[in-house]
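Contents: one structure, followed by commentary.
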Amino acid sequence: MKKYSGRKVFVAVFISGRGSNLKSLINFSKKKISPIKIDIVFSNNKNAIGLKFAKEKKIKIVHLKEKNFYNLEKKLVKILNKRKIGLICLAGFMKILSNNFIKKFNGKIINIHPSLLPKYKGLNTHRRVIENKEDYTGCTVHFVNSKLDSGKIIFQKKIKIFKKDNEKTLAQRVLLEEHKIYPKAIMKILS
Ligand code: GAR
């Protein structure tokens, strides 16, 4: 594949837990074709497992001691601007960002969601698709706007649900596809 020849966009990845999508994004960022450099990782949860991987890869982790989320966001905005972050990737980030924050980075925040949006916004998507006996589910990368899981869709992958699937098997299969589509979505908007 071709080497990316432009200036790499500085990315901040926001996580809350396991960080498998963060891992896939870090691996992608190291490829020659990648238009991004992961500059910082932020987590609202200092015990997020995903932070270990960022640390191993020597990526700066932002720790903010601030109980009030509004004040925390204000500090975060300053850091993101100072470091010239051009794209914020939410990857299993389970906190809702304020409208004020979203406006400050208008069009520069993207999220990955484990469903075929606009269906199944919110939490427990796999459980709900199985309960509703859907034939298909999927995963979606979309721009973040002020409404939950509702911004413009960038990339989507449809996945067949088998009769033998349960919440766990489905979550695993969807996650594997998530790891593939997040880099594809980034390529689509940046190169
Ligand atoms: C992923 O399945 C992601 O799509 C989902 O959380 C998981 C995080 O896994 N995100 C949401 O549900 C956001 N509404 P990871 O920490 O291993 O990337």
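The values are calculated or read from the model by the stated rules, or taken from the named source; none is laboratory data. Just so we're clear, the structure is a prediction, and the values are computed from it rather than from any experiment. Positions of Cβ are backbone-derived with ideal geometry, glycine not excepted, and every protein chain shown enters the neighbour counts. The area values use the complete protein model at the heavy-atom level, side chains included, leaving out ligands, DNA and RNA. Shrake-Rupley method; radii C 1.70, N 1.55, O 1.52, S 1.80 Å.
Only residues that are in contact (Cβ under 8 Å) with a residue 24 or more places away in the chain, surrounded by 14 or more Cβ atoms within 10 Å (Cβ to Cβ) and not hydrophobic (A, V, I, L, M, F, W, C) were counted in region 123-144, giving 7. Considering each residue of region 59-66 in turn, none proves to be in a loop (DSSP other than H, G, I, E, B), surrounded by fewer than 16 Cβ atoms within 10 Å (Cβ to Cβ), within 14 Å of the ligand (Cβ to nearest atom) and in contact (Cβ under 8 Å) with a residue 12 or more places away in the chain. Candidates 72, 87: the one that is among the aliphatic types (A, V, I, L, M) and within 19 Å of residue 178 (Cα to Cα) is 87.
Within region 74-110, take every residue that is surrounded by 13 or more Cβ atoms within 10 Å (Cβ to Cβ), without any contact (Cβ under 8 Å) to a residue 40 or more places away in the chain and not hydrophobic (A, V, I, L, M, F, W, C) and give me the one that is nearest to the ligand (Cβ to nearest atom). Per the stated criteria, the residue is 98. Starting from residues that are under 21 Å from residue 176 (Cα atoms) and open to solvent by less than 10 Å² (accessible area, probe 1.4 Å), keep the ones in region 22-35 and report whichever is nearest to the ligand (Cβ to nearest atom). It comes out as 22. Among the criteria (1) away from the ligand (no atom under 15 Å from the Cβ); (2) of a type in the set (D, E, K, R); (3) in a loop (DSSP other than H, G, I, E, B), the one residue 39 does not fulfil is (3). A count restricted to region 109-148 and to residues that are part of a loop (DSSP other than H, G, I, E, B) and either small (Gly, Ala, Ser) or under 12 Å from the mean Cα position of the chain (by Cα) (or both) stands at 5.
If you check 181, 159, which single one turns out to be away from the ligand (no atom under 12 Å from the Cβ) and not in a loop (DSSP other than H, G, I, E, B)? Can you show your working first?
Values: 181 fails: away from the ligand (no atom under 12 Å from the Cβ).
One residue alone meets the criteria, 159.
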